[in-house]
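Report on the structure given below.
None of the figures in this text is laboratory data; all of them are computed from the coordinates on show. Treat the numbers as computed from the prediction; the structure is a model and nothing was measured. Heads up, the Cβs are rebuilt from the backbone with ideal geometry, glycines too, and the neighbour counts pull from every protein chain shown.
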Amino acid sequence: MSLVYRIKRCFKELVGQKQWPLVRPVPVITRDDFFLACLIRPNDVVYDIGANHGSLASFIADRCGVNGKVVAFEPVWRTYERMCERLQAESLSRAPIITVPLGLSDQPEIVDIHLPDGLDALASIAPADQVNKVHASTHTRSLHCGVITLDLFVNTTGIQQPQVVKIDVE
């Protein structure tokens, strides 16, 4: 099923037109969930870039089913650990979620990611003083995190190219 076809179906569903064939209902909580539910089909391979604690990766895995695959990228180690703990505790009746402790960029390198005090979800590669200004934080931690290119990841791991890529990064 082509991406254009999926997007057309999504917009038709947004305006209330019934679509056939119907797919297994997945509980939809937000508009993002609804849009992803319209785009993602069983057996899809989906890359979740900026997976944070894995809530969307989990939703996507439910949507892909046991024959699909989700690759969740999260470069901040503490957030990555929490994501892994959360995802391991959940159901096995969905697509496997492959967790990757790296970010994606235009070249492989080590970057400094700045985290405002207590706000790991707002990690940024912007300079620390700018992160402090934006988040009214008095203290920012800096971490060295690895990033690679998507092409390098696909070529070295052998994981199929995705049908859908969800990106939630700056």
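Observations on the structure shown:
- What separates the Cα centres of the stretch 119-169 and the stretch 42-108 is a distance of 14 Å.
- The stretch 33-166: antiparallel DSSP beta bridges as a percent of all, rounded to 5: 40
- Look at the dipole of the stretch 26-170 built from charges on Cβ: of 155, 53, 67, the Cα furthest out on the positive end belongs to 67.
- Residues whose amide H lies under 5 Å from that of residue 51, counting only those 5 or more places away or on a different chain, are 73, 74; hydrogens are built 1.01 Å from N in the peptide plane.
- Compactness of the stretch 38-170 - radius of gyration and Dmax, Cα, Å: 15.4, 46
- Highest mean packing first, where packing is the average number of other Cβ atoms within 10 Å per residue, the peptides 43-55, 102-114, 150-162 line up as 43-55, 102-114, 150-162.
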